[in-house]
Amino acid sequence: MPKNGKVVTLEENRTSRSKNHSIILENREKLSISGVERVDNFNDELIVLQTVEGILTIKGEDLDVSKLNVEDGNVSVKGVLNSLSYSDRQSFGEKSSGLLGKMFK
């Protein structure tokens, strides 16, 4: 369908949706996140996500990724949520490789 006189392709529509990033936290037990590009790591105490706004690290207890749709950029997490923290992609990579690099030099 034309939008403002312009034809929008499916790929353009998908790309524009994924640029938004939001977090909804309910009672420190349920977390809904949009704008997720990739899940780097997850277990029952730690989840590391790449979002359009940077690396999001989630810490807690009994964490469970109850919904994962990276194609749409949506992730839902349940469990006891203790902390959420952001880091940019560049500094996240430097910190992790820096520690390992020092250990193996």
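Read-outs: derived from the displayed coordinates by stated rules, not from any lab. For clarity, every value in this text was computed on a predicted model and none was experimentally measured. Virtual Cβ from ideal backbone geometry, glycine too; neighbours counted across all protein chains shown.
Points to keep in mind about this one:
- Rough spin-label spacing in nm, given labels placed 7 Å along Cα→Cβ, for D64 and D88: 3.8
- Loop-located GluC sites (Glu not before Pro) in region 25-65 (DSSP state not H, G, I, E or B) with no more than 15 neighbouring Cβ atoms inside 10 Å: E29, E45, E53.
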